[in-house]
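The structure under discussion appears below in the form of structure tokens.
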Amino acid sequence: MISQSAWRRRHVVPVAKEEGLTRGGKVFRLAGAEGDCALLEFHPHRIDLRREVFFVRASIVLALQRGWLYRKHWEQARERPALPAEALAEWELVPPVAVAQEPGADMPARSYWAYGAGIEPEDCARELTRMLREETVPRMRRLLDRAALLAEIKDPTPDIRRRRPPGWAEVLLNVDQVIPADLEPLFEKVETDYPLADEFIDWARAYATAHTANR
């Protein structure tokens, strides 16, 4: 049975390249504006000796989310590629029943893709690449627009997980776009029951001030 790495090289890499994604190991990246990016990550899941099983997660990583996470050493951290763990929003690609490891399961098991016993590798590849072309990559491109991403975070579709509450997200999406005075009304929306809210507001205010001065 073909390994997952060889299967990705044969079936996923060509489609990703056509769609403008670059590859680094099991992660494919789609660059956006202002240092933002969308990621597509493959996770092998060793649960069945008869099949190759994996799940696929898409995520949107905002440059300023990374700036906040690595605020104490941002100049060094900004040089390395974004990671899925730094996402502002993420979702799993749920396979069609015919290529699902557990088609009747609840999430997260319902998101497991498979090939091997009873599922041809080519069938799995055909369904995944179709989904990438028709659904996932267009959605990644759409959510790289900050206005669209904010709308999704404020009112997420059921399959999307947001990694910051809406008030925080709105500040992160605007902190490098507006003058400091325009951030003040947004600070009133920041969820103060979320950890480090006061530090976050201080950081955003300082970042906006410095960014404006350097324009």
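The values are calculated or read from the model by the stated rules, or taken from the named source; none is laboratory data. Bear in mind that the values here come from a model prediction, so they are computed numbers and not experimental data. In this analysis, Cβ positions are derived from the backbone assuming ideal geometry, glycine residues included, and neighbour counts consider all displayed protein chains. With ligands, DNA and RNA removed, areas are computed over all heavy atoms of the protein, side chains included. Shrake-Rupley method; radii C 1.70, N 1.55, O 1.52, S 1.80 Å.
Could you tell me which numbered condition residue 88 fails, if it satisfies all but one of (1) open to solvent by less than 10 Å² (accessible area, probe 1.4 Å); (2) in contact with a strand residue (DSSP E or B) (Cβ under 8 Å, 6 or more places away or on another chain); (3) over 15 Å from residue 149 (Cα atoms); (4) not charged (D, E, K, R)?
Exception for residue 88: condition (3).
Which one is farthest from residue 161 (Cα to Cα) among residues in the range 44-55 that are of a type outside the set (Lys, Arg) and part of a loop (DSSP other than H, G, I, E, B)?
49
What single numbered condition from (1) in contact with a Pro (Cβ under 7 Å, 6 or more places away or on another chain); (2) at pLDDT 95 or above; (3) not small (Gly, Ala, Ser) fails to hold for residue 154?
(2)
When you go through 58, 16 one by one, which is the residue that is part of a helix (DSSP H, G or I), under 26 Å from residue 133 (Cβ atoms) and modelled with pLDDT of 95 or more?
Matching residue, one of 58, 16: 16.
Can you find a residue that is within 10 Å of the chain's Cα centre (by Cα), farther than 19 Å from residue 78 by Cα and open to solvent by 30 Å² or more (accessible area, probe 1.4 Å) anywhere in the range 19-34?
no
Being farther than 24 Å from residue 49 by Cβ, within 17 Å of the chain's Cα centre (by Cα) and touching a residue at least 40 places away in the same chain (Cβ under 8 Å) is the filter here; which residues of the range 95-134 pass it?
132, 133
Within the range 160-193, track down each residue that is part of a loop (DSSP other than H, G, I, E, B), open to solvent by 50 Å² or more (accessible area, probe 1.4 Å) and within 18 Å of residue 66 (Cβ to Cβ).
Within the range 160-193, 163, 177 qualify.
Being free of Cβ contacts under 8 Å to residues at least 12 places away in the same chain and open to solvent by 20 Å² or more (accessible area, probe 1.4 Å) is the filter here; which residues of the range 72-85 pass it?
Selection gives 72, 73, 74, 75, 76, 79, 80, 85.
Just to be sure before I move on: is residue 99 within 16 Å of residue 7 (Cβ to Cβ) and either surrounded by 15 or more Cβ atoms within 10 Å (Cβ to Cβ) or modelled with pLDDT under 95 (or both) in the structure I sent?
yes
Across the range 49-71, what is the total count of residues that are touching a Gly at 6+ places or on another chain (Cβ under 9 Å), among the basic types (Lys, Arg) and open to solvent by less than 70 Å² (accessible area, probe 1.4 Å)?
Count: 2.
Could you give every pair whose Cβ atoms fall below 8 Å, whose first residue belongs to the range 1-25 and is of a type in the set (A, V, I, L, M), and whose second residue is part of a helix (DSSP H, G or I) and open to solvent by 40 Å² or more (accessible area, probe 1.4 Å), counting only separations of at least 6 or pairs across chains?
Within 8 Å, the pairs are 2/10; 15/133.
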